[in-house]
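Notes follow once the structure below has been shown.
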Amino acid sequence: MKSIIICFCFCCLGSWGHMLSAQEQVRALRPLEQCTLVTDLADRIEEIQVIPIKQRFDAGLQEWMQKKLLIGPNGDLFLMYGREVMCFDATGEYQFTMKYDLGKECPYHQDACISLDQRKLLFAHGDRKIVFFDLNDGREIERLLMDKSLQQFDGIAPATDGGFYYYSISAPCSNNFEPGHLLMTRFDKNGEKLESSIPQVGFTVNIFIVSQAVGNTYLVRTQGGDNACCRVNTKGELEKAYTFDFGKRGMPNSQGDLTLPDYMRADYYKMPIYLCESGKFFYFTSCGPQAVAYNFLYARDKDSGIYWEADHNLEIHFLSADEDYFYALIEPVPEEVIRETQDPLLRQIFKQFALSLGEETSARLVKVKFK
């Protein structure tokens, strides 16, 4: 059983600064005012699909902080797990693996994204390389060696003209970051730096910073001290997307010298993370008082939604979304967890699980469609 602290150590906030594109719509969310706390989701879920993933993962690569899911243009599923990205078709059949092989112990991939033209997969690598792979067959196409003065990659998203955005944090999990540090830098397809934006203004943890959303857009989560998240749109432009206001129950801007555990346990709502956006819904998780996780779901055309308390014993959140479905990765689950969970989403998922519990599988991808 994992502690609440470890369970929510993927949190913090991604922010907002100068040099962002013009905004058409910025959603101002007040989650605790606009959303209703629920304990049952049976009437709010239209469909759940469980896709067994029969390809075994390398046990040495099983780092919970490295999991990421990308959805390809034909519905293929690209699961980033430790040092490799495995491609599965829409039924869960294994296709191929993309792995940056140095002929020795190689660094973990820090992040991955799909190019705007949806022909390439880009790795942001721990040794300051961007590695391009063909999305159709996994073949390595190109490597770009980045400037040594840049810090390690913490996130990547596609940009215009074959370029990409690089997200780098100064002093993760600490308030002792470099003054004036800009988190987001745009490069052209040759790795030449073009511009930087989003100044770091607070406590930032380098986990699940950039997430894929519907239409191969990307959400860049908020960071401590700021309340806005950004979107990389279908044109590869960085724009402000959502702001979060928890009112008097939100974390004050002045955080002092709190350690990460104290920060998460603080009696406030903070750190929106696991931002996912389908055609009709917007989902995120927030760390509440005493580090309890709450999942929020908004209709994209309404200023209202629902939220529910997550199971602190099971780290399950949505990792990506397409037009209709949200996707989560669930690894083998002890039967007592299945029986005892009070998480209303997991209860509905486990009803579907019961049909395939006897199958030989190392993990399952779960697709959830909300009404």
* Asked: When you go through (1) of a type in the set (S, T, Y); (2) at pLDDT 85 or above; (3) out of contact with any helix residue (DSSP H, G or I) (no Cβ under 7 Å at 6 or more places or on another chain) one by one for Y269, which number turns out not to apply?
  -> (3)
* Checking Y218 against (1) crowded, with 18+ Cβ neighbours inside 10 Å; (2) part of a loop (DSSP other than H, G, I, E, B), which single condition isn't satisfied? -> (2)
* To do: For residues that are assigned to a strand (DSSP E or B) and touching a residue at least 12 places away in the same chain (Cβ under 8 Å), tally how many sit in region 124-142.
  => 10
* Structure fact -> Within region 266-294, residues surrounded by fewer than 21 Cβ atoms within 10 Å (Cβ to Cβ) and of a type in the set (S, T, N, Q) come out as Q290
* Residue list for region 314-332, filter: surrounded by 17 or more Cβ atoms within 10 Å (Cβ to Cβ) and either small (G, A, S) or in contact with a Ser or Thr (Cβ under 9 Å, 6 or more places away or on another chain) (or both) -> L314, H317, F318, L319, S320, A321, D322, Y325, F326, Y327, A328
* Asked: Give me the pairs: first residue in region 266-278 and acidic (D, E), second residue surrounded by fewer than 24 Cβ atoms within 10 Å (Cβ to Cβ) and at pLDDT 85 or above, beta-carbon distance under 6 Å, and six or more apart or on different chains, which are they?
  -> D267/P289; E277/A213; E277/V214
* Among what's in region 272-286 and is modelled with pLDDT of 95 or more, in a strand (DSSP E or B) and not hydrophobic (A, V, I, L, M, F, W, C), pick the residue that is farthest from Y325 (Cα to Cα). => Y283
* Please work out which one of (1) of a type in the set (A, V, I, L, M, F, W, C); (2) closer than 21 Å to R347 by Cα; (3) at pLDDT 85 or above is the condition A28 fails and give its number. => (2)
* Please go through region 197-215 and pick out each residue that is among the aliphatic types (A, V, I, L, M), surrounded by fewer than 24 Cβ atoms within 10 Å (Cβ to Cβ) and closer than 15 Å to E239 by Cβ. => A213
* Asked: Any idea which residue in region 293-320 is farthest from K68 (Cα to Cα), counting only those that are in contact with a Leu (Cβ under 8 Å, 6 or more places away or on another chain) and of a type in the set (S, T, N, Q)?
  -> N295
* Structure fact -> Going through (1) crowded, with 19+ Cβ neighbours inside 10 Å; (2) part of a loop (DSSP other than H, G, I, E, B) one by one, P252 fails only at (1)
* Structure fact -> Subset of region 58-83, residues modelled with pLDDT under 70 and more than 20 Å from the chain's Cα centre (by Cα), comes to D58, A59, G60
* **Flag if L297 is in contact (Cβ under 8 Å) with a residue 12 or more places away in the chain, among the hydrophobic types (A, V, I, L, M, F, W, C) and farther than 21 Å from R30 by Cβ** => no
* Please state which one of A291, A310, A266 is of a type in the set (A, V, I, L, M, F, W, C) and in contact with a Ser or Thr (Cβ under 8 Å, 6 or more places away or on another chain). => A310
* Asked: Conditions: (1) without any contact (Cβ under 8 Å) to a residue 24 or more places away in the chain; (2) outside any loop (DSSP other than H, G, I, E, B). Q290 meets all but one. Number of the miss?
  -> (1)
* Among (1) within 21 Å of F318 (Cα to Cα); (2) surrounded by 21 or more Cβ atoms within 10 Å (Cβ to Cβ); (3) at pLDDT below 90; (4) not aliphatic (A, V, I, L, M), where does W16 come up short? -> (1)
* **Within region 130-159, tally of residues that are surrounded by 17 or more Cβ atoms within 10 Å (Cβ to Cβ) and modelled with pLDDT of 85 or more** => 12
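The values are calculated or read from the model by the stated rules, or taken from the named source; none is laboratory data. What you see is a predicted model, and the numbers here were worked out from it, not measured in a lab. When we count neighbours, we look across all protein chains shown, and the Cβ atoms used for this are built from the backbone with ideal geometry, even at glycine.
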